[in-house]
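The values are calculated or read from the model by the stated rules, or taken from the named source; none is laboratory data. What you see is a predicted model; the values in this text were computed from it and never measured. We place every Cβ from the backbone using ideal geometry, glycine too, and count neighbours over all the protein chains shown.
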Amino acid sequence: MRFAIEKIFLWWLFYSVVGWVWETGLNLVLRKKWVDRGILNGPLCPIYGFGAASVIVLLHDVDNPIALFLSSGMLACTLEYFSSWAIEKLFHIRLWDYTGKPFNINGRIYLNGFLAFGIGAAVVKEYVQPWVSDVLDSWQPLTLDILTIIFTLILVTDISLTLSGLLSFDNRITQLQRELAQYEARGRERFDEKFAATEARARKVLSWQQQRLIQAFPTMTSVRDSRIMQRVRESMSRHDSRTR
């Protein structure tokens, strides 16, 4: 079976938005706090889009429910593991860390993720995708082309801005760590002053996007210094609680 590139792209876009709604909504319910959970600036979680599109394209002829569940879970976990590894190697940060979770592999994937992705992907393929396909099939080819071009331009702009922030993340974290080192010498009894200094320097050194990512990914860590992210995150949380 052949799939049109335009439709695959729009599938990816749709499921990326669905993933963002799921992640952001779940965070709102569990943490009672609104946080944009996407790595991009727009309302997208690309890994959900890639996972769903991969299942639809690669497993379109798999009909056995158990085989679909297992293969979907394996495919999604492979994608998540590679994404985590690539982000760490390229940007020296880990956006998520499942260390301590049951049956985790290097903190990049774990059992619950396999089960959730397996079930979710199977539901998408069997129940959601037929409806999505019917909707797109009802549109004129010109409409699909125009939408693809518009969303591609927006996406390229968003990715460029995001990459710019990620590429400078490591250097800015190193700079922040160096500037805060002088406060460590004053002793841990000056707790409030330390948090105030962290908050002030973080908001000056880190861009808005970088600050958002630190808040969006609670287990995000710097490969060079795992403590600095938590310190910045705690100082931002204290600031937010004071301004409410």
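Identify the residue in region 1-57 that is surrounded by 15 or more Cβ atoms within 10 Å (Cβ to Cβ) and more than 23 Å from ILE159 (Cα to Cα) and, among all such residues, is modelled with the lowest pLDDT.
So, considering only residues that are surrounded by 15 or more Cβ atoms within 10 Å (Cβ to Cβ) and more than 23 Å from ILE159 (Cα to Cα), the one modelled with the lowest pLDDT is ASN27.
Can you tell me which residues in region 89-106 are surrounded by 16 or more Cβ atoms within 10 Å (Cβ to Cβ) and modelled with pLDDT under 95?
PHE91, HIS92, ILE93, ARG94, LEU95, TRP96, ASP97, TYR98
Restricting to region 73-132, what's the tally of residues that are in a helix (DSSP H, G or I) and not polar (S, T, N, Q)? Talk me through it step by step, then tell me what you get.
Within region 73-132, the subset in a helix (DSSP H, G or I) is 73-91, 111-132.
The next check asks that each one be not polar (S, T, N, Q); those that pass are 73-77, 79-82, 85-91, 111, 113-128, 130-132.
So the count comes out to 36.
Name the residues in region 50-79 that are touching a residue at least 60 places away in the same chain (Cβ under 8 Å) and under 23 Å from the mean Cα position of the chain (by Cα), would you?
Selection gives GLY51, ALA52, VAL55, ILE56.
Restricting to region 4-49, count the residues that are among the hydrophobic types (A, V, I, L, M, F, W, C) and not in a helix (DSSP H, G or I).
Result for region 4-49: 7.
Quick one: how many residues across region 13-45 are more than 15 Å from the chain's Cα centre (by Cα) and under 18 Å from ILE56 (Cβ atoms)?
1
Exactly one of these conditions fails for LEU144: (1) of a type outside the set (S, T, N, Q); (2) loosely packed, with under 12 Cβ neighbours inside 10 Å; (3) at negative phi. Give me its number.
(2)
Are there any pairs with C-beta distances below 6 angstrom linking a residue in region 104-120 that is in the same structural domain as LEU70 (by TED's automatic domain parsing) and within 17 Å of MET220 (Cα to Cα) to a residue that is of a type in the set (Phe, Trp, Tyr) and in a helix (DSSP H, G or I), with the two at least 6 apart or on different chains, and if so which?
ARG108/TYR81; ILE109/TYR81
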